[in-house]
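J.: If you scroll down you'll find the structure; I have some questions about it.
The values are calculated or read from the model by the stated rules, or taken from the named source; none is laboratory data. Since the model is a prediction, treat every value here as computed from it, not as a measurement. Note: ideal-geometry Cβ built from the backbone for every residue, glycine included; neighbour counts use all protein chains shown.
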Amino acid sequence: MRVAEQQRIVAKVDELMRGCDALETRLAAARTTAIHLLDATLHQILTK
């Protein structure tokens, strides 16, 4: 395998890993939002 091809592969893997990291961050934020929404909903139901 040529060095140039190896460099392209490494660059693509790095790009994909950055995408995975971004998705992981968004998933964590979505989970936090879901928990807050559930807490707020339960609070509304239980305090009426």
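J.: Could you grab me the full set of residues in region 30-48 that are surrounded by fewer than 10 Cβ atoms within 10 Å (Cβ to Cβ) and part of a helix (DSSP H, G or I)? Reasoning before the result, please.
T.: Here is the first cut: in region 30-48, the ones surrounded by fewer than 10 Cβ atoms within 10 Å (Cβ to Cβ) are 44-48.
Within region 30-48, Gln44, Ile45, Leu46 qualify.
J.: Every residue in region 1-13 that is surrounded by 10 or more Cβ atoms within 10 Å (Cβ to Cβ) and not aliphatic (A, V, I, L, M), please.
T.: Just the residues of region 1-13 that are surrounded by 10 or more Cβ atoms within 10 Å (Cβ to Cβ), to begin with: 6-13.
Gln6, Gln7, Arg8, Lys12 - these are the residues of region 1-13 that are surrounded by 10 or more Cβ atoms within 10 Å (Cβ to Cβ) and not aliphatic (A, V, I, L, M).
J.: I'm trying to understand the selection: among the residues of the chain, which are modelled with pLDDT under 95 and of a type in the set (D, E, K, R)?
T.: Result: Lys48, single match.
J.: Ok, one more. Does region 1-17 contain at least one residue that is out of contact with any Asp or Glu (no Cβ under 6 Å at 6 or more places or on another chain) and outside any helix (DSSP H, G or I)?
T.: Our first condition is that a residue be out of contact with any Asp or Glu (no Cβ under 6 Å at 6 or more places or on another chain); within region 1-17, this holds for 1-17.
Pick out the ones that are also outside any helix (DSSP H, G or I) and you get 1-2.
Taking every residue of region 1-17 in turn, at least one turns out to be out of contact with any Asp or Glu (no Cβ under 6 Å at 6 or more places or on another chain) and outside any helix (DSSP H, G or I).
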